[in-house]
């Protein structure tokens, strides 16, 4: 079994079976509900993992029980080593807790869809245990602007609570100094100075860029549109890219395109952007520089500068106020300074 791109979406391919047919029907259902192509692709790979688990146990989707879901978690946490392959010790790990929860969420969606269409009577995915008793609702720093709707399902696997993973100035400077094109520098600055996600950068259209007002219109997750002002240095690199590098005959509406090779003029792909970042990481040794960490650095820097959290939420396109609140934390340097002050 494998995931393949079919038309404008992704589907699970393999031996014809009712389970694969049901999974692909669910993926089609997500597309009808206007889920983004990247979300549908992610669901496809999560469901592929579960179908492989079922295949190893000769288990059909119709026969899955809640206990099978806990076995699935055990299966995900077990390192998968290809036969005859030597791997580094640090790579001999199972799926991360966040990945396990994402896969459980995808499987829950599949079974809820199966219940709706009558393929199953009940959803076998357990619901995470929630505390009981009379307690005040946890609101968080931005609870006053939250929808108040409880999250359904919950997480079966506890995830460590970590601060957003931002980057050191030195790593960013070394990585940025190795970029050879205006295009690549503009892409990095869009993430670092505008907080754009990698997918938002790739889908950014020429018509979305306002050089005069120094802002861009971004279509983010869930179809949420926002306008983001970006520092002048981004538009300097972008203007040079448009004047000197972008093929004049490029048919793509997207801003950033392939500069050379058989796909010259076509929109930059996810794989192409990943390869570009990987190449410069390997050459500079700045191994921590990744698109989402550049975005985290943007959010952390603005939060540390005291920007209003509602403004930061709008700039970053967060659906949940709790996500924005995670950028507000006391720096290590301030903690050390306050501790030394108290001890003096």
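A few remarks follow.
- Sorting 64, 3 from the fewest to the most surrounding beta carbons within 10 angstrom yields 3, 64.
- The relative contact order of segment 169-325 comes to 29 percent, based on Cα pairs under 8 Å that sit 6 or more residues apart.
- Taking the chain and dividing mean pair separation by its residue count, relative contact order in percent (alpha carbons under 8 Å, at least six apart): 15
- Shape summary: the chain maps onto an equivalent ellipsoid whose semi-axes, from the alpha-carbon gyration tensor, are 36, 29, 22 Å in decreasing order.
- Between helix 270-284 and the chain: long-axis angle, C-alpha atoms, 0 to 90°, nearest 10: 60
- Rounded to 10°, Cα long-axis angle of helix 97-116 versus longest principal axis of the chain: 50
- Cβ crowding within 10 Å averaged over residues, with 246-252, 46-52 ranked highest first: 46-52, 246-252
- Most mobile listed residue (182, 43, 70) in the chain, GNM with C-alpha springs under 10 Å: 70
- Principal-axis tilt of helix 18-32 within the chain, Cα atoms, nearest 10 degrees: 40
- The value for segment 169-325 of Rg(Cα) / (2.2 N^0.38 Å) is 1.02.
- Estimated [θ] at 222 nm from DSSP helical runs (n ≥ 4, -39500 (n - 2.57)) normalised by residues in the chain, nearest 500: -14500 deg cm²/dmol
Coordinate-derived values only; no laboratory data. Because the structure is a prediction, the values reported are computed rather than measured. Please note: Cβ atoms are built from the backbone with ideal geometry, for glycine as well, and neighbour counts cover all protein chains shown.
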